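J.: Below you'll find the structure I mean.
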Amino acid sequence: MLIKFTCPQCETEGSISLADLRYEGPYKCWKCKGLFTIVIENDVLKSCEPLSQEEFDRQQEIEALKAKFRRQ
Ligand SMILES: [Zn+2]
């Protein structure tokens with residue numbers, strides 16, 4: 001499932017592929033490279049917070065671990 005997300009910083013639309021109905025995790029704008037933590041539930045954006053590069057890297061590691069877990 002692909003969800004459209006509009007960057008609050010530059011208003012460029014990007015998309016996120018979701019495995020579940022709920023997504024909570026990092027998003028990086030392909031255009032302005034803005035970093036955000038977003039929460040999406042049932043196609044609706046619930047929350048969007050700016051994120052630091054350090055925190056983004058950390059969250060990506062967590063997401064990678066989760067993905068690894070799901071494959072097993
Ligand atoms: Zn942007």
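Please treat every number below as a calculation from the coordinates, not as lab data. Since the structure is predicted, the reported quantities are computational estimates derived from the model, not experimental observations. Here Cβ is always computed from backbone atoms with ideal geometry, including for glycine, and neighbour counts include all displayed protein chains.
J.: Compute the distance in nm between two label points, each set 7 Å from the Cα along the Cα-to-Cβ direction, one at LYS46 and one at ARG70.
T.: Result for the modelled spin labels: 1.7 nm.
J.: A follow-up question, please. Using only the Cα atoms of the chain, construct the convex hull and provide its projected area averaged over every direction, in square nanometres to one decimal.
T.: Values: hull surface 18.4 nm².
Projected area, direction-averaged: 4.6 nm².
J.: Please build a GNM for the chain, connecting alpha carbons under 10 Å apart, and tell me which residue among ASP57, ASP43, ASP20 fluctuates the most.
T.: ASP20
J.: Based on the Cβ-Cβ distance of LEU2 and ARG58, what FRET efficiency does E = 1/(1 + (r/R0)^6) give at R0 = 22 Å, to the nearest 0.05? If you can, show how the numbers build up before the last one.
T.: Numbers: r = 25 Å, r/R0 = 1.14.
Plugging the Cβ-Cβ distance into 1/(1 + (r/R0)^6) gives 0.30.
J.: Quick one: putting +1 on the C-beta of Lys and Arg, -1 on the C-beta of Asp and Glu, what dipole do you get for the range 18-72 around its Cα centre, in Debye to the nearest 20? Please list the in-between numbers first.
T.: On the way: 10 positive and 10 negative charges, 51 e Å.
In total the dipole reaches around 240 debye.
J.: Under the definition of Cα pairs under 8 Å and six or more residues apart, what whole-number percent is the relative contact order of the chain?
T.: On the way: 100 pairs, mean separation 14.9, N = 72.
Answer for the chain is 21 percent.
J.: Name the residue from ILE16, VAL39, ALA67 whose Cα lies farthest towards the positive end of the charge dipole of the chain, charges +1 on Cβ of Lys and Arg and -1 on Cβ of Asp and Glu.
T.: Final value for the positive-end residue is ALA67.
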